[in-house]
Amino acid sequence: AYDENMHSIESIQDIVQKEFFIKDAKVKTQFKPYPYQKEFAVKAQAKWLEFLLFAKCRSCKSAMTLNYIVGSSHKVSLLVSYRKSPGGSWFKDVEKFDRFENIRIINMKNPSWKSDLKYYLECPELQVVLWSTVQGLQKSRLKELKEISGIDLLILDESHIGNSAKQFKNVRNKLITTPCLSISGTAYDQIW
């Protein structure tokens with residue numbers, strides 16, 4: 001019997017795929033970064049506490065960030081967005097590109113997110129991205145962030161919308177020593 005509090009459908013599929021169908025895995029598209037995407041990955045590898053990825057719309061900011069995560073030693077990243085809509089591109093890019101085959105995105109809205117996180121943390125080859133809207137974190141999850149040891153990277157997606165808002169500041173204050181990557185296609189007010 002399936003218990004949504006124990007595992008999400010995605011983690012169960014992952015377990016079944018790994019156990020029984022490892023040779024029949026989906027063929028994914030090869031990720032071939034453009035020069036500007038490679039340049040970002042190189043710049044982002046330097047030591048920093050705050051980094052702004054200001055790239056135009058449709059430049060594949062989610063794929064650029066996932067590529068950076070793969071090249072880093074980040075085991076757990078927290079991805080926060082002001083709206084639900086950007087979440088889709090993150091999930092799609094992980095499914096689409098071969099480079100991200102060892103990344104698992106967990107929607108913190110799912111009741112099983114803690115069980116999924118625990119399971120994925122036991123797999124040394126995997127990197128985890130926890131995803132939530134900033135509003136979802138405010139309700140009850142913000143307190144739970146302290147329970148998660150080792151968030152290596154905070155990602156604020158669409159930071160031009162809410163980076164200076166109280167909700168984003170609350171999340172940032174909980175993870176004050178964690179490197180923060182702000183992402184925006186229109187970050188004009190953040191660079192002045």
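Taken together, the criteria place Tyr36 among residues that are at pLDDT 85 or above and open to solvent by 50 Å² or more (accessible area, probe 1.4 Å).
If the condition is being closer than 8 Å to Val129 by Cβ and not hydrophobic (A, V, I, L, M, F, W, C), then segment 66-82 contributes only Ser77.
Consider Gly87 carefully, then state whether it is modelled with pLDDT under 90, touching a Phe, Trp or Tyr at 6+ places or on another chain (Cβ under 8 Å) and of a type outside the set (Phe, Trp, Tyr). I'd like the intermediate steps shown before the answer.
Values: modelled with pLDDT under 90: yes; touching a Phe, Trp or Tyr at 6+ places or on another chain (Cβ under 8 Å): yes; of a type outside the set (Phe, Trp, Tyr): yes.
Yes; evaluated as a whole, the condition is true for this residue.
Looking only at residues of segment 135-185 that are modelled with pLDDT under 85, touching a strand residue (DSSP E or B) at 6+ places or on another chain (Cβ under 8 Å) and of a type in the set (D, E, K, R), we find that the one that is nearest to Leu117 (Cα to Cα) is Arg141. If you go through segment 36-50 and keep only what is assigned to a helix (DSSP H, G or I) and among the charged types (D, E, K, R), you end up with Lys38, Glu39, Lys43.
Taking the criterion of being at pLDDT below 90, open to solvent by less than 100 Å² (accessible area, probe 1.4 Å) and farther than 25 Å from Gly150 by Cα, would at least one residue in segment 59-77 satisfy it? Checking segment 59-77: at least one residue is at pLDDT below 90, open to solvent by less than 100 Å² (accessible area, probe 1.4 Å) and farther than 25 Å from Gly150 by Cα. Restricting the first member to segment 46-60 and to residues that are over 16 Å from Tyr36 (Cα atoms) and touching a residue at least 12 places away in the same chain (Cβ under 8 Å), and the second to residues that are open to solvent by 60 Å² or more (accessible area, probe 1.4 Å) and assigned to a loop (DSSP other than H, G, I, E, B), the beta-carbon pairs closer than 8 Å and six or more apart or on different chains are Leu49/Thr177. Within segment 46-78, the set of residues being closer than 25 Å to Met108 by Cβ and among the aliphatic types (A, V, I, L, M) comprises Leu49, Leu52, Leu53, Ala63, Met64, Leu66, Ile69, Val70, Val76, Leu78.
The values are calculated or read from the model by the stated rules, or taken from the named source; none is laboratory data. Note that this is a predicted model, so its numbers are computed, not measured. A quick note on method: Cβ atoms are made from the backbone with ideal geometry, for glycine too, and the neighbour counts reach across all protein chains shown. The protein model used for the area step is the full one, side chains on, heavy atoms only, and it has no ligands, DNA or RNA in it. Shrake-Rupley method; radii C 1.70, N 1.55, O 1.52, S 1.80 Å.
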